[in-house]
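A.B. asks: So that we are looking at the same thing, I have put the structure below in structure tokens.
The values are calculated or read from the model by the stated rules, or taken from the named source; none is laboratory data. For clarity, every value in this text was computed on a predicted model and none was experimentally measured. Heads up, the Cβs are rebuilt from the backbone with ideal geometry, glycines too, and the neighbour counts pull from every protein chain shown. Only protein heavy atoms, including side chains, enter the accessible area calculation; ligands, DNA and RNA are left aside. Shrake-Rupley method; radii C 1.70, N 1.55, O 1.52, S 1.80 Å.
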Amino acid sequence: MARMGMKIISFFDVLRCLASLLFFVGTGLGDLSYSIPEELNVGSVIADIAKDLGLDVHGLSHRKARLDSDGSSKRFCDVDLQAGSLTISERIDREELCGAKTACSLKYELVLESPLELHAITLQIEDVNDNTPKFLNDKVKLEIRESAIKGARFPLPEAHDSDVGRNGIQNYKLDNSDHFALAVHSNSDGGKYSELILENELDRENEEEVRVSLSAIDGGTPQRSGTVEIHVTVMDANDNLPVFSQPVYEVSLAENAPSGTVVATVSATDADEGAYGEVTYEFSRISDKAARLFTIDSLSGEIKVIGPVDYEEKHEYELRVQAKDGAGLASNAKVIIEISDVNDNAPLIFVKSLNNPIPEDTTPGTEVGIINVQDKDSEGNRQVRCSIQENIPFKLNPSVKNYYSLVTTAELDREQLTQYNITITATDEGNPPLSSSKTMYFSVSDVNDNAPVFVEQSYSAYVTENNKPGSSVCSVTARDPDWRQNGTVFYSLLPSEVNGVPVSSYLSINGDTGMIHAVRPFDYEQFRSFKVQVVARDNGSPPLSSNVTVSVFITDENDNSPQILYPTPEGNSFMTEMVPKAALSGSLVSKVIAVDADSGQNAWLSYQIVKSTDPGLFTIGLHSGEIRAQRDISESDSMKQNLVISVKDNGQPSLSTTCAVYLLISDNFAEVPELKDMSYEENNSKLTSYLIIALVSVSTFFLTFIVLIMSVRFCCKTKPRLLFDGAVAIPSAYLPPHYAEVDGTGTLRSTYNYDAYMTTGSRTSDFKFVRAYNDNILSAGNTLKKSSHDNSDCINFFDNGSKYSTLVRETFLLPSQ
Ligand SMILES: *[C@@H]1O[C@H](CO)[C@@H](O)[C@H](O)[C@H]1NC(C)=O
Ligand SMILES: *[C@@H]1O[C@H](CO)[C@@H](O)[C@H](O)[C@H]1NC(C)=O
Ligand SMILES: *[C@@H]1O[C@H](CO)[C@@H](O)[C@H](O)[C@H]1NC(C)=O
């Protein structure tokens, strides 16, 4: 608009000039026109108007010549009346007067009076190059994007010069510029302006600001110019990719690194500025697994651990990281994370095979188990050593690779240890080492390798005679440490004979408990001891057994009363001892001989006179049984002396027998019959009654016997009958007492046999008597046979087929004085 306005004004100025020219021409003669440069000094003479008008100088002053201007206050010029010249009275600035108008003139009228005369004076003001081209500002700021291409144009501000025409701006000039050229153009109004033309592309990263100076030059002489500094700020363009500091980042990370551990920091720089240079990071290619483990800080580029990193799962991760600037330009780098092993896996022990249970007879060196050891770690961390505890009969032998075989090193004994807990410890060679252990339970299975063993080496049982059948005698125990049936003990008696009779007739044993029972009552007087072998057998296959000797000692009971051997109680006649009349005090008169089938105290006899004709005359030795005169026999003493003697054993309670001894004090045998009569008479009545009783008994017995025979005959036809239940045959006949002495070891003493003899008036203290007794048995058709197996001390009696053996030992050791 401003320019438009200027143009319009100029146009009017031109019209006015043309008009004034016409006027000047029209006025014709007398009009003056001068051309002067502007800025003349005051007082400078423009022209000699007096002369130019043809007037006298004096006439001017006389005619009061003066200049009239058309209304303007400023006159600029004056007429020097003295010199008749036109002079400058004020400074004339063309630019002030006419601005940009090319034609500039001042118009005056010279007025002369008397006569009035008018002369037009026109002053053409010519431009002088008195103005310098000027830019509006000292500095011009330009912003050019570095991405601007060659040839791009950037308009520059126009300079201004108040002068006109040639003195106006004629040209522009650019200084020290590598990048730009200048193009100068003319305005429609004749002005000039310029444009920068990019010749070499800009690079902000190289040069952020380019300074050039633009000069505007006018065409005056001398030339004038004005300069403006142009600051070209190179605007950034996103022309740079972010650049990583390394193309590949290789880092090592220990496994199990805690969450938050910084693995690596990638960094990329972008030379661009601002948002274009702001780099953000992200994973451009990452496996799902790695994505669960690592994260990247988008701003700092720190890669951190967020999950459990396990070397055993994966040894290496390769990630791609992308750095992107604000405008989306991106570049990639590779991050290789190598996971280093940490000894975090304890060895694992696997039992691959197990022979359980182990029989106890396994030979040493037998393999009983195979173990495999594994460790997931690597290198040293996976080197594993295996061991088992010591002091057990096992060892671990390394086998192929990670296999070990467990072998026995010694015989096992289930009876000592039934179970082995073998703890295998595996330790790796990491730092610190890790170890684990596993316990294998082995049981040792039984083999029947132990025979039953009796608790005692031998057993002795003491049984009092006349015991009840079934009473327990003793108990044997054998132990077998084996298992179950291999250790179950059964007891039995080893078949043998005692006195020719199977031992089972005497004893029985409870197979389970080992309790030995008597089958029948024992008679000390029959035998005093016997031995039996008990076998203990286990239930194994094959069974093992052992035996033990049980010695049964029968102890005496006072069950036999003393038996008088002399004087014979049931002898055919009363025995009468003759006592010499001259017998002195202390002389042996007679002797009572008694025996007791019992033994020991039960057989220790004592003699006592319980009744006598003349109590003071005879005494009897308490233990010897010797009857002696207590005083010298005198004539006055009665010829017939009767003594009743009691023989008593020392048992508890004691048993006793009495007998009568008849003594005849006489030197003459003729007196004896008288004595006999006396004695017969004395006992006649008694004898008669005995006879009657005997007769009645015999006949009763006979009748009963007949009846019994008959009934047995009938009964046997229907059903055989046994006297006792059980296999033991009991002899029906009366058995005589047997005299046997058993010493401590149970062996029999050597035997002494004596002939029977009688002494009368003998003074020897030893009075020995022996007699084959029980003639009735021997004579009853039984055969008497010497047993072959004993030291001729055993005689076997065979009675109705049943064998019955007794020791017939006649040993009378009579107490001696
Ligand atoms: C073996 O282990 C079992 C159970 O753990 C235990 O009852 C037994 O006493 C152990 N035996 C030995 C010999 O240590
Ligand atoms: C007993 O020993 C035999 C070998 O002598 C063996 O085979 C058996 O298994 C054992 N019995 C038990 C119950 O252990
Ligand atoms: C009894 O044991 C002994 C040794 O202990 C042995 O010599 C003998 O043969 C055994 N007798 C029987 C019948 O088993």
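A.B. asks: Quick check on this structure: which one of 525, 570 is surrounded by fewer than 16 Cβ atoms within 10 Å (Cβ to Cβ), more than 16 Å from ligand 1 (Cβ to nearest atom) and modelled with pLDDT under 95?
C.D. replies: So the residue among 525, 570 that is surrounded by fewer than 16 Cβ atoms within 10 Å (Cβ to Cβ), more than 16 Å from ligand 1 (Cβ to nearest atom) and modelled with pLDDT under 95 is 570.
A.B. asks: Now a separate question. Are any residues in region 336-382 open to solvent by 40 Å² or more (accessible area, probe 1.4 Å) and part of a helix (DSSP H, G or I), and if so, which ones?
C.D. replies: If the condition is that a residue be open to solvent by 40 Å² or more (accessible area, probe 1.4 Å) and part of a helix (DSSP H, G or I), then 379, 382 are the ones that fit.
A.B. asks: Residue by residue through region 424-460, note down the ones that are small (Gly, Ala, Ser) and within 16 Å of ligand 3 (Cβ to nearest atom).
C.D. replies: 451, 458
A.B. asks: Taking region 474-514, which residues are open to solvent by 60 Å² or more (accessible area, probe 1.4 Å), closer than 15 Å to residue 455 by Cβ and more than 16 Å from ligand 3 (Cβ to nearest atom)?
C.D. replies: Listed by number, the residues that qualify are 481, 513.
A.B. asks: Could you list all residues from region 613-652 that are closer than 19 Å to residue 667 by Cβ and either of a type in the set (A, V, I, L, M, F, W, C) or at pLDDT 90 or above (or both)?
C.D. replies: 617, 618, 627, 628, 629, 633, 639
A.B. asks: Would you pick out the residues in region 533-548 that are of a type in the set (Val, Ile, Thr) and closer than 11 Å to residue 492 by Cβ?
C.D. replies: 534, 535
A.B. asks: Within region 298-314, which residues are loosely packed, with under 15 Cβ neighbours inside 10 Å and modelled with pLDDT of 90 or more?
C.D. replies: Those that are loosely packed, with under 15 Cβ neighbours inside 10 Å and modelled with pLDDT of 90 or more: 298, 299, 300, 306, 307, 308.
A.B. asks: Looking at 624, 585, which one is part of a loop (DSSP other than H, G, I, E, B), polar (S, T, N, Q) and out of contact with any Asp or Glu (no Cβ under 7 Å at 6 or more places or on another chain)?
C.D. replies: Exactly one of 624, 585 is part of a loop (DSSP other than H, G, I, E, B), polar (S, T, N, Q) and out of contact with any Asp or Glu (no Cβ under 7 Å at 6 or more places or on another chain), namely 624.
A.B. asks: What residue, among those in region 306-331 that are part of a strand (DSSP E or B) and in contact (Cβ under 8 Å) with a residue 60 or more places away in the chain, is nearest to the chain's Cα centre (by Cα)?
C.D. replies: 321
A.B. asks: Residues 153, 166: which one is closer than 30 Å to residue 186 by Cα, out of contact with any helix residue (DSSP H, G or I) (no Cβ under 6 Å at 6 or more places or on another chain) and modelled with pLDDT under 85?
C.D. replies: After ruling out the rest, the residue left standing is 166.
A.B. asks: Mind checking whether some residue in region 88-101 is on the phi > 0 side of the Ramachandran plot, open to solvent by 40 Å² or more (accessible area, probe 1.4 Å) and in contact (Cβ under 8 Å) with a residue 24 or more places away in the chain?
C.D. replies: Within region 88-101, none of the residues are on the phi > 0 side of the Ramachandran plot, open to solvent by 40 Å² or more (accessible area, probe 1.4 Å) and in contact (Cβ under 8 Å) with a residue 24 or more places away in the chain.
A.B. asks: Next question. Those residues that are more than 16 Å from ligand 2 (Cβ to nearest atom) and either outside the structural domain of residue 498 (by the TED database) or acidic (Asp, Glu) (or both), I need them from region 521-540; list them, please.
C.D. replies: Across region 521-540, the qualifying residues are 523, 525.
A.B. asks: To continue, here is another question. Kindly indicate whether residue 466 is on the phi < 0 side of the Ramachandran plot and away from ligand 3 (no atom under 16 Å from the Cβ).
C.D. replies: Against the criterion (on the phi < 0 side of the Ramachandran plot and away from ligand 3 (no atom under 16 Å from the Cβ)), residue 466 does not qualify.
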